[in-house]
Every structure is written in C-alpha cells, then in structure tokens.
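Rule-based calculations on the coordinates, nothing more; no lab input. Keep in mind that this is a model prediction, so the values were computed, not measured. Counting neighbours? That spans all protein chains shown, and the Cβs are built from the backbone with ideal geometry, glycine included.
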Amino acid sequence: MSVTGAARTAAGRAEPAPPEGAAEPSWRERVNEHPMAPYYLILGAAMLLLVLGLVMVLSSSSVESYDTTGSAFTLFRRQAMFAGAGVVAMVVLSRMPVPLLRRLTTPFLIGAIVLLLLLFVPGIGVSVHGQRNWIELFGPFRLQPSEFAKLALILWAADLFTRRDAVLDQWRELAWPFLAVGGGIVGLVVLQGDLGTAIILAIVVAGLLFVAGAPMRIFVALGALGLAGIAALSLTAGYRIRRFTAWLHPEGDLDGAGWQLLQGKYALGTGGWWGVGLGGSREKWGALPEAHTDFIFPVIGEELGLFGALTVVGLFAAITVFTMRMAIRTDDLFVRVVSVGIIAWLIGQALVNLGAVLQLLPITGVPLPFVSYGGSSLLPSLMAIGVLLAFARREAAARRAGPGPRPAARPVGAGER
C-alpha cells in the first residue's frame with residue numbers, strides 16, 4: 001500500500017514513497033488497497049441503514065403508535081432501545097478474537113435450538129397471525145428465536161466445515177451433521193407456521209453448501225424438496241393461498257393481501273424522484289398495512305422518492321461487495337464460510353422483502369434487515385455485522401504484517417477448543 005508522502009504502517013515503519021514522476025493512485029485504488037476499507041465501509045453502510053431505519057420507523061409508525069398507545073413515539077422508542085442494545089453487541093463481537101468466537105459456536109447453536117423447542121411448550125410459545133414463533137418476555141416485548149437461529153446455524157456450520165476441511169470433498173462425512181442440523185432447524189420453523197423465515201433459512205443453507213463446494217446434485221435435490229414443501233404448505237393454509245393468488249391478481253383481493261400490494265405500489269409511485277418529504281406519507285394513515293414492518297420500503301419510496309429507495313439498495317450492495325471481497329481474499333475457511341453465510345442471510349432476506357413489495361415475489365412477511373421495526377430482527381442483524389467487523393480487523397492486521405504466513409484456521413485439536 002502506498003499513499004502520498006511518508007505513510008506509516010501499523011508497526012510504525014515508514015513505507016517508501018512512490019518513485020518521482022509516478023502517477024498518483026486514484027481514490028478507487030486507495031480504497032481497494034487500504035487494509036481497513038472493508039471494516040469502515042461495512043460499518044458505515046450498516047450504520048446508515050440503521051439510522052435511516054430508525055427515522056423511517058418513527059415516521060411510518062407514528063400514526064399507529066398514537067392510535068394504540070396515545071404517543072407517537074412509543075414504537076420508535078422501543079426500536080431505538082433495541083438498536084442501542086444491538087450496537088453494544090456489535091461492538092463487543094467486533095473486538096472478539098476469532099478463536100474465541102469459534103469456541104462459542106456450539107453453545108450458541110444449542111441455545112437457539114432450545115429456544116425453538118420452547119415455542120412448543122404451552123404457556124411459553126405465543127401465536128401471532130397463525131404463527132407460533134414468539135416467546136412472551138415482559139410487557140409488550142417478545143422474542144423470535146428463529147431470527148437468532150440464522151446466525152447460530154451459520155457460525156456452527158463454519159466451525160464444522162473448518163474442523164473437517166480435509167474431508168470437504170467427501171460429502172458423506174459432512175452431509176449427516178450439517179444437513180441434519182440445518183434441516184432440523186428449518187423443520188422446527190416450518191412446524192411453527194413461519195414459512196417466510198423457513199425460506200430465508202433455506203437460502204442460508206444453500207449459501208453455506210455453495211461456499212463449501214457442494215456438488216450440483218445436492219442443490220437440485222434440495223431445491224426440488226424445498227419447492228415441494230412450499231407447495232404443500234401453501235395448499236394446506238388458506239391465508240397462504242390467498243397471498244399467492246393476490247400476488248398474481250391483486251385487484252381480485254382488495255379485502256386482503258391484494259390491498260396491501262396495491263397500496264404499496266401507490267406509495268412507491270407517488271414518491272417520484274425526491275419524494276413527498278420526510279413525514280409526509282399519506283399511506284401510513286391507515287391505508288397501508290404493516291407500514292412500519294414488512295412494508296416500510298414503500299414508505300421510504302413515498303417520502304424520500306427514488307433517490308431514497310436506491311440509497312437503501314446501494315447500502316445493501318456495499319455491504320455485499322466488501323464482505324465478499326473479504327471472503328475471497330481470506331485464507332481462513334471459517335471467515336470465508338461465515339462471511340458468505342451472513343451475506344446469503346441478510347441480502348437474501350432483503351431481496352425477498354423487496355421482491356414482495358415490488359410484486360416480484362409473493363408476500364412472505366419477512367422484515368427488511370436494519371430498517372423494519374422489530375427487535376428480534378434487528379439484534380441478530382447487528383450481531384452479524386459485528387462478526388464481519390471482527391473478520392475485517394483480523395484481515396487488516398494480516399495485510400499490515402506483510403508477506404509471510406497468514407493466520408489460518410487451525411484444527412480444533414490445535415488449541416482452539
């Protein structure tokens with residue numbers, strides 16, 4: 001890495017100045033070569049999405065919040081509380097050494113599975129909109145264990161793949177533990193009636209299989225099984241059939257999901273280039289259902305216009321690009337698998353949410369990461385960013401150290417467990 005003048009490395013050594021007359025590197029080259037570029041850009045994009053989400057939750061929920069609690073700020077204050085807790089968790093994880101993180105993967109997974117099983121215990125699991133996927137905590141607060149199961153599965157699978165790196169090409173050695181655990185978690189979520197979260201978990205499983213080098217026949221078999229399962233679950237639940245038919249013909253279901261789709265499109269269409277102004281949404285006054293949760297993106301398009309909508313898409317793209325760049329450059333299989341798994345989760349969920357809003361996909365009820373209201377979604381999403389930041393700091397330290405042996409994933413028997 002070279003910069004104008006006498007740049008200094010982390011070790012305090014002065015790097016040689018560029019030869020006299022040499023062309024100055026462009027800003028793109030400087031960003032691309034800076035060791036901490038992934039760290040700052042992933043952090044910056046995530047924090048911008050978080051701030052934008054808080055502002056839009058305040059705007060989109062103010063009417064409903066005032067109508068139900070007498071204060072326009074109630075739902076915003078709850079979201080801000082979860083955001084503060086999530087940022088603290090993100091900072092803690094960003095400072096955690098990778099070996100310590102690996103030691104915590106199995107306890108984290110066991111905890112997530114226990115919480116998923118508790119949902120089936122009478123008096124603990126709570127059904128909302130026909131889905132038994134919530135645990136009542138205290139007051140108005142609930143916990144959705146399936147959101148934390150996404151990160152737990154990614155971390156555990158990465159540790160498993162790293163410990164069995166020598167047999168990654170022998171799928172019978174990996175298929176039983178990984179597919180059994182991953183399939184079991186997806187099955188538990190399906191039994192709770194939460195098809196949307198089950199689809200996101202299936203995307204995560206596919207991403208983990210891809211980075212581990214699974215053969216194409218695995219994807220074909222699991223894809224066929226997944227489509228058959230979605231079809232069976234949709235045919236056995238009336239509200240899912242209505243969502244599917246409303247997706248194809250929203251005008252025919254103006255008393256249900258069709259109304260939500262049309263109002264979301266009206267919101268996006270009236271925003272124009274720059275929007276009607278922050279806080280000026282008309283749809284949030286009761287016309288658009290779930291305006292602060294699953295359908296917050298149309299409110300962004302209405303109030304901030306195409307510029308605001310594309311800004312959201314661009315921030316997700318920035319997280320994807322720099323996380324994938326880090327995954328490609330690293331020599332640590334654990335870092336690579338976790339990075340790809342997190343991107344499969346966050347970006348897959350964002351695409352499913354945006355696809356439903358734009359009528360490209362049926363409505364599944366999944367929130368937009370970092371932006372939609374909901375602490376159970378926000379907390380693990382910020383924790384995932386903290387994990388990525390820990391990886392970025394580690395890779396930056398390796399690059400600063402210069403050529404030589406890079407820190408690699410050691411086998412479990414080498415002192416990591």
Cut-off 14 Å, label 7 Å out along Cα→Cβ of TRP274, residues of segment 293-318 by amide N: 303-308
Likely footprinting exposure, PHE141, PHE108, fewest C-beta neighbours within 10 Å first: PHE141, PHE108
Residue order, fewest to most surrounding Cβ atoms within 10 angstrom, among LEU100, LEU54, LEU306: LEU100, LEU306, LEU54
Net lengthening on full extension, THR245/ARG132 (0.36 nm per residue, minus Cα-Cα): 38.3 nm
Positive minus negative residues near LEU201 (Lys, Arg vs Asp, Glu; Cβ under 15 Å): -1
Rg over Rh [alpha-carbon atoms, Kirkwood Rh] for segment 43-401: 0.96
Computed lengthening from VAL220 to TYR66, 0.36 nm per intervening residue step minus Cα-Cα distance: 50.5 nm
Sites ARG282 and LEU361, calculated FRET efficiency, Cβ-Cβ separation with R0 30 Å, nearest 0.05: 0.75
